[in-house]
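Below is one structure; the comments refer to it alone.
What follows is calculated from the coordinates using simple rules that are stated; it is not laboratory data. Computed from a predicted structure; not experimentally measured. Here the Cβ positions follow ideal geometry from the backbone for every residue, glycine too, while neighbour counts run over all protein chains shown.
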């Protein structure tokens with residue numbers, strides 16, 4: 001039986017408000033009690049009657065309403081979770097400054113519950129130094145401010161600033177509710193196993209430019225990495241997500257960074273790995289790059305011979321991090337649990353698992369996720385079949401099904417390794 005939780009859903013003024021109405025319905029369908037606190041300006045987008053009808057509770061915007069209940073204090077004290085969806089630049093600025101000039105910001109100051117903010121605004125507003133400073137301040141105080149999605153915004157604009165889909169926000173919020181239920185000794189027996197852990201996850205495929213038009217790349221879609229991030233979040237982890245080229249947006253709730261080439265990924269992964277408890281290298285990193293980048297497009301002409309492209313090796317990010325960790329010793333800040341991925345093909349001499357076992361020994365990581373790839377296998381599909389090999393000699397773990405199924409198996413293996 002699901003434990004009923006009290007949720008405060010703050011709504012600020014932006015075109016994405018309609019998604020908050022869909023999120024409200026998800027919480028109600030899950031059986032939770034939801035008090036909606038819209039800002040006055042947000043009612044220009046979605047009216048009071050809608051919030052009251054969907055929540056089944058009275059909705060107010062001012063501290064001068066229901067004064068006899070000291071409403072902002074009551075709502076803050078009773079909440080198990082406070083969400084601001086969408087969180088505009090204005091609301092985050094007021095929250096960062098500690099202002100309490102409406103019911104929503106007053107409630108934020110009166111609560112000890114976890115606070116989750118999902119920003120939505122135009123890219124320029126999100127990237128403005130003032131907004132970024134406010135986000136940093138809120139995060140330093142323990143507020144979970146998720147990075148906005150990248151996609152179509154109001155009008156013809158597109159970029160970072162889109163509100164993640166309600167189902168993604170609901171899944172992320174549910175991890176907080178589950179964690180709270182566990183700490184209260186409710187129907188959940190134990191706290192989420194990765195609560196307090198930081199997991200860095202790389203995903204997608206790198207691209208190595210040849211000229212302004214062409215690149216050397218691979219078929220990776222990033223879907224397995226996205227599934228890993230969601231599975232880690234569901235178990236309470238804080239996720240640092242390093243995205244190479246992917247055909248889907250990064251999941252809500254992660255700390256997002258981007259990389260294009262293998263060398264850029266090396267820098268980004270190194271930064272994310274330091275201070276993390278676990279590193280999962282699921283990105284498909286190009287082994288080679290063109291030795292020379294040409295500033296102009298290579299022309300196809302009958303007057304010239306076919307071009308010869310010379311390749312050079314890219315850095316082995318996984319092996320280099322393992323070596324750096326060994327050099328640092330116990331005083332270092334690199335993860336003690338590093339998980340590699342091996343996309344392999346078999347041949348007449350050796351099987352996929354033979355090559356995987358050799359790679360595990362060569363790389364020096366604690367776990368290696370081996371999967372067979374091919375024209376219609378793994379890359380770009382929703383299915384995966386994996387074998388998880390452990391350096392400590394533990395029995396291999398096999399998992400097959402959706403990429404979500406594979407991700408859960410990997411995260412379960414991570415949890416098991418952390419407790420051994």
Kirkwood-Stokes translational diffusion coefficient of segment 254-327, alpha-carbon pairs, 20 °C, 1.002 mPa s, µm²/s: 142 µm²/s
Cα-based helix-to-principal-axis angle, 166-183 vs the chain, degrees rounded to 10: 80 degrees
For the chain, take the longest principal axis of its alpha carbons; what is the angle in degrees between that and the long axis of helix 17-29, to the nearest 10 within 0 to 90? 90 degrees
If you take every DSSP beta bridge fully contained in segment 6-183, what fraction is antiparallel? Give it as a percent rounded to 5. 20 percent
Radius of gyration and Dmax over the Cα atoms of segment 6-183, both given in Å: 15.1, 47
Dividing the convex hull volume of the alpha carbon atoms of the chain by its residue count, what do you get in Å³ per residue? 179 Å³
Mind checking the angle between helix 223-234 and the chain's longest principal axis? C-alpha axes, 0 to 90 degrees, to the nearest 10. 40 degrees
I need the peptides 26-38, 284-296, 153-165, 3-15 ranked by packing, meaning the mean over residues of other C-beta atoms within 10 angstrom, with the highest value on top. 3-15, 26-38, 153-165, 284-296
Which three semi-axes in whole Å describe the equivalent ellipsoid of segment 193-325, each the square root of 5 times a Cα gyration tensor eigenvalue, listed largest first? 34, 16, 10
State the dimensionless ratio Rg/Rh of segment 198-419 (Rg: radius of gyration of Cα atoms; Rh: Kirkwood radius). 0.99
